[in-house]
Amino acid sequence: MKGSRPEQAALTRDNDLTQTQATRAVVEGMVDGLNDHVIDGIGAFFAPDFRWMGNAGCGTKQGLREFQDNWQRPFQAAFSDKVCIDEARLVQGQWMAAFGRQEATHSGEFMGIAPTGKRVEIRYMDFWKVVDGKIVDNWVTVDFPHVMQQLGVDPFQGQGWEAFDRGERAAPRPLTDTGESA
């Protein structure tokens, strides 16, 4: 139904476009630090009270210590020999975004799955806001279901919509105003 719409792009309304190169430098340095498996020194790139907002399964982290203790350390315990590969980056003002993959070995427990020694691809998307040379916000999506599938666990128990793509199930259609399928 058409009508009023919620405000769009409120977080980027006051984006300081003069900060594009500084933002790029901070995030690129942070990614290099992650590829070097830095945990304790990562505060060089993050504000102490920054917010890390992940999708279901990842959780949210309030501050540098939670990020280190409840994301970086468990992630590195589950996946060794990890390398982060940003496949695309976009930067404008105080904002930078990237998507890509990490390649790693499943060497520790992950989501209740015992170590398998398998190499996995961990797909992600990140959106960072940088203020005064530090990341203050980080929105993250990590494709944990894809990782679980590579490790032999179907988190969707056969109900994933990939079955529509493979022609194994018919995709449902929304009802029209008359109550019939569209």
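The values are calculated or read from the model by the stated rules, or taken from the named source; none is laboratory data. Bear in mind the structure is a predicted one, so any value in this text is a computation, not a measurement. Heads up, the Cβs are rebuilt from the backbone with ideal geometry, glycines too, and the neighbour counts pull from every protein chain shown. Calculation scope for accessible area: heavy atoms of the full protein, side chains included, ligands and nucleic acids excluded. Shrake-Rupley method; radii C 1.70, N 1.55, O 1.52, S 1.80 Å.
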**Complete:** Ranking R123, R101 from most to least accessible area with a 1.4 Å probe gives R123, R101
**Asked** In sequence order, what are the phi-derived ³J(HN,Hα) couplings for segment 173-182 according to the Karplus relation 6.51 cos²θ - 1.76 cosθ + 1.60 with θ = phi - 60°, rounded to whole Hz, with x for glycine and proline?
**Response** 10, x, 7, 7, 4, 8, x, 9, 5, 7
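Under 8 Å for C-alpha pairs, at least 6 residues apart: give me the relative contact order for segment 34-122, rounded to a whole percent. It would help to have the intermediate numbers written out before the result.
Working: 125 pairs, mean separation 17.6, N = 89.
Over segment 34-122, the number comes to 20 percent.
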**Request:** Please list the non-local residues whose amide H lies under 5 Å from the amide H of I85, H modeled 1.01 Å from N, same-chain partners needing a gap of 5 or more.
**Result:** R101, Q102, E103
**Fill in**
Per the helix-only model, the chain has a calculated mean residue ellipticity at 222 nm (DSSP H runs of ≥4, -39500 (n - 2.57) each, divided over all residues, rounded to the nearest 500) of -5000 deg cm²/dmol
**Item:** Average accessible area per residue (Å²) across segment 23-161 - probe 1.4 Å, nucleic acids and ligands excluded
**Value:** 48 Å²
**Prompt:** In segment 1-55, carbon and sulfur make up what percent of the accessible area (probe 1.4 Å)?
**Reply:** 53 percent
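Hey, what does the equivalent ellipsoid look like for the chain, semi-axes from the Cα gyration tensor as sqrt of 5 times each eigenvalue, largest first, whole Å? Present the calculation step by step, with values, prior to reporting the outcome.
Working: eigenvalues 202, 145, 37 Å².
One finds semi-axes of 32, 27, 14 Å for the chain.
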**Asked** How much net charge surrounds A47 when only the other residues with a Cβ under 15 Å from the Cβ of A47 are counted, with Lys and Arg +1 and Asp and Glu -1?
**Response** +1
**Prompt:** All other residues with a Cβ under 15 Å from the Cβ of E103 taken together, and with Lys, Arg as +1 and Asp, Glu as -1, what is their net charge?
**Reply:** 0
**Request:** Starting at the first residue of segment 42-55, write each ³J(HN,Hα) from the Karplus equation 6.51 cos²θ - 1.76 cosθ + 1.60 with θ = phi - 60°, in whole Hz, x for Gly and Pro.
**Result:** 5, x, 4, 10, 10, 5, x, 9, 5, 10, 10, 10, x, 6
**Request:** Determine how large the accessible area of L90 is when every protein chain is in place; take a 1.4 Å probe and give Å² rounded to the nearest 10.
**Result:** 130 Å²
**Asked** Which ³J(HN,Hα) values, rounded to whole Hz and listed in residue order, are derived for segment 92-99 from phi using the Karplus coefficients 6.51, -1.76 and 1.60 in 6.51 cos²θ - 1.76 cosθ + 1.60 with θ = phi - 60°, glycine and proline given as x?
**Response** 8, x, 8, 10, 9, 9, 8, 9
**Complete:** Residues whose modelled amide H sits under 5 Å from the amide H of D137, counting only those 5 or more places away in sequence or on another chain, are R51, K129
**Request:** May I ask you to list the lysines whose Cα is less than 29 Å away from that of K134, ignoring any residue fewer than eight positions away on the same chain?
**Result:** K61, K82
